[in-house]
Structures are given as structure tokens and as C-alpha cells.
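Peer 1: This is the structure I want to talk about, given as C-alpha cells.
The values are calculated or read from the model by the stated rules, or taken from the named source; none is laboratory data. Bear in mind that the values here come from a model prediction, so they are computed numbers and not experimental data. So basically every Cβ, Gly included, is an ideal-geometry build from the backbone, and we count neighbours across all protein chains shown.
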């Protein structure tokens, strides 16, 4: 194309650059041997390459590389071809770092001789004779151009007089035979592949920017048909730099030379135009471009573009919702078989097989896959991307045929290749390496990470499900940390805070997804198809409808499951009538069979080109999240990155971020470990002496721990607010924040005495979704031993205590459940497990939430995440174990917190909303009392409020030493109060809260009312009594608790009119008297 005129400075620089390149040209002596550029042997290697023997082809190309034309150590343009084709061998074998290295070498070689075509003695274009293409004619109307295989290229100088006189490199003039078309083709291919391997980093690559600048200058004869080659080279450079709009017209013009003739680069230009149209979802234009690319590639023997164009054409066919096999594939496969091009035949058969699978023709697809297997045979392409694609499609066929085990084996083989051969994973590695080396700015780093570390989008699943599965299966902790740190480097502090918070949530979600089968893909499909509509947004609901329409077999099973669930819902948890009991067992068994069939269909969905957003845990933009924080609520989040611990405090109006400067001191023996030991945590069953329960040293340590956490943050937790939501990270999952000491005037109080405290595994789960709690939930009480030496009488007494708070509960023991807990959980609204939870050390999903059935199949937490979807709204586990019970000394820092985080995520992913579990198991009457008080309050208020009330009530009651198996009593010991954190600080309440539906806590202390007495101040380090427990025999009005003095008193119990509907049955005693009786009964030995 005509180039625009440039200024004198640019012309001068171009002249200097050309002179420098000429000085680097090989001498005439180097061309004395008769050798083409590239060599004649080079073309014969294509037979080996397209036969699928990439490893053998690589050896031949390496031999040609060693024998390439050189002057000293300086290589010439023939080496562009050798480097590019070595890169192609590595590329097809999935050895992407080596491929990138060779493509980079090829591009650098070109930049050494950018204007080499100017010296070529081109011949006029001759009209070629077009033969019939087996899969159809072209409709473009262009003519087939014929070009010579070799073109003479002038090297050296005709007159060297000045060089002889003045000195310098003497180059005798010589006409050298070069294959212009092949050198340009390889240059274009090297640029294209290099951009493909770099992914989003490509537009930030310095070599690509240099390439674009060079190609803006004349690189061939002016006003000559070879301008088509210059156009496509520049177009590829523009595409590599992300300038699609500028590249498109150049690609269009480059499809023909002299405005009418096709040429050797026409297939590539048409292919790139097809890809541009495909990115814009313009399927008709893309399909036409890809089809025309196959025809042009057929004429010019460009079998690489031929294979890619057919592959993209088949993909476009499916994306355009056209069922069955792309018509052109059948004759193309027959042609490839006749020509014995094994790589082409295998690829065409795989494309056709996928079309048959999408049409539900499993048998025909399986036959094609067998043919592809025969074509691959023992060639090295079976270990490359073609073999991975074969395994992937075999998995789809097996899942369609309900052969689950074989499908999973084939899919595992495909994903094994993808761990090294995935382009997406390679993009992540390239971006991460560039950021770590400082090659990109912090702003660009944030944008790059946002691209490569995204959740797979609908376009990703449509383009390549295997790539999306590979990207999901790797957690990428280092890349996530660098993304987080890059976000914090932004100069805009508000933007830095918002991005960093969202990145921290993405990192947590990835930790969870990477531990699930297929990187959470199955989990996402279960949520999308089975979660209540209130938990889904409009986009997800559309995806649900599309999936059900695409897979009618699943929809039919879903309806059957709903009918069974409706019948089960009408039955009690533990039917007393034998016939009802037998019906329940039969219905649960039927539900299990239906769910197993649904899981098989889910496997097929998981590997198909169908979108399913990763809905749980949810991901909310920080701005949206902040607006949804209720008044009076603050969110305290921590995230470890770059060997530093970062803290965030966020409320409805503003946020703050800081680095915990002494994080190492926090986690060493003088910090958390010391605090946990002072709370009695040396071992899971170690007895704590009574004298330790009255030792106040833990309060000082707890204050120091909080000071370290908040140092330099300007965060003041002594101010008035209602609720604190904590999102821990790492070791902080074992830290009892409830017991950390907050200043209240001149005194200290535990945090839970001032505010309601709850936890969330991710930031977004700190707020509720659209679901509501079940009305009149069915409660299941699993009665067992919270402590190994607990007697049967104690077990029975504990059950009776809970039944006082939940008289409607059904009690289950070992062997009394009608089905495995993964099925039975769907019938439970509230689950209370008074049993020691064993097996947590075997993995976050290997333990059984209902221990009574742990030895039977279908009872682990991993089983809970499978269908049928749904679980209790509330799960209470006072017998859970974490490394906190031995002060964290038996777990590595890298693995710290994962046990709790993953277990909680798994419970909530099965439909649970509220989880109360223990960091350490006390196993005594105090544990039963806390659970009872919590369960008693739960129907009338939010979980965080109910838990705060339960803790404060139990903390103010004397401990029954005879009913606490982990308390070591000595003669003369008096019963202490339960205010020592050993009894109550080991529990954490995980709950999403109630959002804006609750009333806000006053932001300022309430004024003192005239005529009312001041409440008694709690001793330092202790908690104030709840309003109805200070003096149980007096009305609440006579025992006011002034907010803001001595800590924040919990709000009084709401009247019946304000309680959550439906209205529960009123208790037989007044609230105050009922609690007083509970406290009196607690003091009796069980």
C-alpha cells in the first residue's frame, strides 16, 4: 500500500537503520555453496510434520538450523523458517516456553533484515489454474495467482571501489535464490503465534511495539504487488499490539495482490478476518471467512492454516447453534485420508465427532473418535494437543453414555496435558513473570491480572471448555498475591482499596474452587440449576433456562426430584408411624437414585460449551458491597500477601487499609500461641486447672494481640457500633476475636461484650443473598459424646437440655437415620450435633458432619456438596476441632486456616447459612448451655444477637466443675464464673447477617434517663450482665444498661410483634425467669 510521507528526521533514521542492516549482511563467501533460503530439505520435513511426528520433525528442523546460512555467527533470513517451524513442533507438543523462545528468535531475525524484500527480483504474477476443492467452491471472485518457488535476491554491491579504497566489508554482488512466500509465511506465523502465547501481555511487549514501528516503514518495492505481504505483516503486528480496528482494513486489502490475485498469505489473512468476526460474535461472517480460508489454504498447500480454519469453522458452526457436523468436514476428512495427512485427518475427525456429540449422536461420535485414534496411532501428536482433545471428547462421549468412571479417566488424561499445555495457564505465568520482574507498571499489572485471573466467562466456555477447566483447577496463590499488591500501589487510594478488597475475595474463592472436582465447575452447575431463585440474579436465571432447554433429560430428572422432595416435606423427620417411616426410607432412596442420575448429566454439562457463572461464593464489587453494609455494622478483613498481613476495616461510609507491621510477633510464641495457651489450649483433651481459670494474664495478652493487629490503622473498636463481621485469613481463623480486649473508658472488656461478632469465609458472604430462612424449620438433634469419657447418662441429660430450648426437635443416635446424611440433610432445617467431630485431620471434606453415620458411604462433607442440593439453614457443631486446641503448633503457616475456611465454604455451598462451630472442644455442661441458649434465642432474633446473648448469659453463671470433663479440680477449689474464654471463646459464628432489614444501633451513646439507676459496672476484663440476667427477680425496667458505659450492652429482646414470622409458641415462663431457671439448673451436676 502507498506509505505516507515521513519527515526528514524519520527518513534520516531509516537510512541509518538500513545501512546498519546492510553492514550485517553475510559476505559473498557465505553464499558460495548452492543452498536455497530455506533449503530444499526444509520442504521435505513438512511430510513428517503433517504426519503427526512432531518429535522427529523437530530433530530435522534443528539439523537445518545448525546448517543454516551464516556469516561468522550472524544468521540470515533462512533461519526465520527454521526457528518458526521448531516453534511449531514445540507448540503442537504443548511445550509452550520452548515454542515462545523459538518464535521470539524468528521475530528478532526478521528485525535484523526488515527490508530484505526490496532486494528481491520479483516476477509478474501469472494466473494459476484452480482445481476443484473437495469440500466446495469459493465465492470470493478472486483469481488464483501463480508465483515461482524461488526468487532471485541481490546480495552484496556491484561497485566495491570505495570499500577497497577506504576499507570496510567487501560484498561481491550475487543473485541468491530465496523462497519469498515461505519466509514471509513463517514471519507472519511467528508473530501470530507469539501474540497468541503472550495473550493479554502481547500489547505491552516491547518487541511487538518495535515490530510495529519497523513495519510502518517501506519493507518492499514501492507500488508493487508484494505490498500485500507488507500489509499482512503490519496487520499481524497491529493485532499483536491489540489494535484490531487498524488491522482489519489491512487484512482485507492483503487478501489479494494487485487487487485481484490470491497469494500464499491469503489463507492467513482470511483466517484472521474470521477470528476478528468471531470475537464480535458475527457468526455468518466468521463462518464464511473460515471456509474461504480453507479453500485458499488448499490451493497454496498451507495445511497449518487449513487445519486451524476448519477447527474454527466447526466451532463457529456450534456457536451459531447449528446442530450436527459442519458439512465440509466429511469430504475434508476423506481428502486428508486419501493424501495420508494424518494430523489433518485426526483433527477433522475430532471436529466432526464433537458435532455429533452436540447432536446427541453418541454412537456415531464414538466411531469417529476410534478413527481418530487409529489416525494418531503411536505418533507424537497423541501426546500433544490433538491427543488431549481426543481424551476430552472421549470424556464427553462416555458421560453421554452414562459411563462415569471411563469419562472421568479420559478427562483426567486431558487435564494432565493441560497443566503444561494450556494457553490460559501459560498467559497467567507470563503475566506473573512480567509483574514480578517489574516489566509492567502497577496500573497495567492490575489490568493484566484482571484479564488472566478472571472467572471463565460464557465466551470462554464457548471457545474452549478444556482451557476453562484448566484455568479453574489451579489456585494461583502467588499471582493472586501480586495482583493484590499491585492494586495497593495505585495512587488513587480509594480505587486501590476497592480493587484490593475484590482481589482478596477472588483469591479466597480460587482457594475453594481449586479443591473441588473440575475446579468448581460441577459445584457452579449445581448452584445454577438447584439453588433457590432468590439466590440467583437475572443472568443466572437465563443461564438456568438455557441449560434446561439444552439438556431436557436433566430437566425431567429435576421435576422427579421435586415431586419426591414435596412428598418428603410432608413427613416428620422421625415418623412414629411405621408405615410413614417405611415411606420416608423409600422416598429418600428414590431421591438418591434420581440425584445420581442428575450427577451423570452434570458431568456432560461440565465438559460442554455451555456457560455457568461461578455463583458461590458470590463476588461483589466493593462499591456495591459497601453500599449494602447495614448501618452500625463494620467489616474487619485480613489478607496475607507478599509475606505481609494486611488489614481492612469497612463500613457503609468509608474504609481503611493498613499493614500489620508486627505480624511475625503476632503469630509467634509471644502472641497468638501464648494467648491460646493462657486460654487452656495445650492439647485437645488436656485438663485445665481451676487456678488457671482465675488467672487474668490472658486479658493482657489479648489486649496486646489486638494492639498488634490494629497498630497504625487508626481503627478504634471502642466506638459505638452494633456489629463486627470478621473475615480472617490463615492463622487468624484460630484467633478468638471475641475475647480480644477493648478499652471502655479506663477498663477493658472482651469484644463480644461490646458488639455482636460474626465471621464470614469471604467478604461477599458477610452479607446475605435474597434467601429467607425456612418457616418452622425441622430440627434434628444428633445425640452423642462431646467428650470421649462422657457417660450415657450425661449424653441423655445434654439432649434433654437442648430439647427444653427446641422441644420440637427429633433426636437421632447411631444407626437411627433413615438414609445417609447427604440425602437426609435436605429434610433438616436446623442441625445440632452434640458429638465429638472426628476425622477433620483427614481433609476439609473427609469428615462427617453427622458423626453417628461417619463409617457409612454418603456421609462426608464432600458428599454433602453433591446432589441433592440443599441443607439445613443452621448447623451447630460444638465438637469441631482445629489446631487452636494445641495453640497452632501442629500446623504449618502455609496450611493454617484452610481446614476451617474450606469446611465452612463447603457447608455453606450445600445451602447452610449459619454455622456455629468450635475452635476447641470443651465437651462439658458449658458447651451444652451455650448451644441451648443460642437455640432458644434463634427463632426470635438474628444469629449474631442470639449468640452474643448466649455467651453473656453463660459467662455470668457459675461453672459446675463436676460437669466439665476438661477442668481439673483440686480440693478446696470454688466454682468460678464462666467468664474465662476457655468456655466461650472457642466458638465462631459464621453467618451472612440480615442486611438492611435490621434496625441500626444508635451511633452515639444514649442519654441517661431521669430517675433510673446506673447499672453495675463489670469488673475489668469481664463482661456486663445481660439486661434480664443482672437481677432475674426484678423487672427489666429496673435494671437498665446504659449504652457506651462499661461496654455496649446487647439490645433487649424484641417484643413478639417484632419477631420473625411465623410466630413461635410462647414459653411457659417469662423470658427473664426462664433464663434464671436455666442458670439454676446448670449448677446441678448432670
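Peer 1: Within the range 656-673, can you find the residues that are touching a strand residue (DSSP E or B) at 6+ places or on another chain (Cβ under 9 Å) and buried (at least 20 other Cβ atoms within 10 Å of the Cβ)?
Peer 2: Selection gives 660, 663, 666, 667.
Peer 1: With respect to residue 808, is the statement that it is modelled with pLDDT of 90 or more, touching a helix residue (DSSP H, G or I) at 6+ places or on another chain (Cβ under 7 Å) and farther than 30 Å from residue 626 by Cβ true?
Peer 2: When the stated conditions are applied, residue 808 does not pass them.
Peer 1: For the range 799-823, enumerate the residues that are in a helix (DSSP H, G or I) and farther than 21 Å from residue 786 by Cα.
Peer 2: 822, 823
Peer 1: Testing residue 712 on (1) surrounded by 18 or more Cβ atoms within 10 Å (Cβ to Cβ); (2) modelled with pLDDT under 95; (3) touching a strand residue (DSSP E or B) at 6+ places or on another chain (Cβ under 7 Å); (4) closer than 30 Å to residue 623 by Cα, one condition comes back false. Which one is that?
Peer 2: Every listed condition holds for residue 712 apart from (1).
Here's the yes/no breakdown for (1) free of Cβ contacts under 8 Å to residues at least 12 places away in the same chain; (2) over 25 Å from residue 767 (Cβ atoms); (3) out of contact with any strand residue (DSSP E or B) (no Cβ under 8 Å at 6 or more places or on another chain):
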residue	(1), (2), (3)
877	no, no, no
892	yes, yes, yes
899	no, no, yes
904	no, no, no
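Peer 1: I've got another one for you. Filter the range 244-264 down to residues that are touching a residue at least 24 places away in the same chain (Cβ under 8 Å) and within 22 Å of residue 196 (Cβ to Cβ), then give me how many there are.
Peer 2: 8
Peer 1: Restricting the search to the range 873-895, which residues are crowded, with 21+ Cβ neighbours inside 10 Å and farther than 26 Å from residue 788 by Cβ?
Peer 2: 874
Peer 1: Out of all the residues in the range 55-89, which are in contact (Cβ under 8 Å) with a residue 60 or more places away in the chain and either more than 30 Å from residue 336 (Cβ to Cβ) or surrounded by fewer than 24 Cβ atoms within 10 Å (Cβ to Cβ) (or both)?
Peer 2: 55, 56, 77, 88, listed by residue number.
Peer 1: Do we find a residue being over 21 Å from residue 527 (Cα atoms), in a helix (DSSP H, G or I) and without any contact (Cβ under 8 Å) to a residue 60 or more places away in the chain anywhere in the range 631-649?
Peer 2: For the range 631-649, residues over 21 Å from residue 527 (Cα atoms), in a helix (DSSP H, G or I) and without any contact (Cβ under 8 Å) to a residue 60 or more places away in the chain: absent.
Peer 1: Go through the residues of the range 480-495 one by one and say whether even a single one is in a helix (DSSP H, G or I), under 19 Å from residue 605 (Cβ atoms), at pLDDT below 95 and not assigned by TED's automatic domain parsing to the domain that holds residue 205.
Peer 2: No, the range 480-495 has no match at all.
Peer 1: Answer yes if at least one residue in the range 688-706 is part of a loop (DSSP other than H, G, I, E, B) and under 33 Å from the mean Cα position of the chain (by Cα), and no otherwise.
Peer 2: no
Peer 1: Collect the residues in the range 426-464 that are farther than 26 Å from residue 520 by Cα and part of a loop (DSSP other than H, G, I, E, B), keeping them in residue-number order.
Peer 2: If the condition is that a residue be farther than 26 Å from residue 520 by Cα and part of a loop (DSSP other than H, G, I, E, B), then 437, 438, 439, 440, 441 are the ones that fit.
Peer 1: With the structure loaded, tell me whether residue 766 is modelled with pLDDT of 90 or more and crowded, with 24+ Cβ neighbours inside 10 Å or whether it fails that test.
Peer 2: So residue 766 fits the description; yes.
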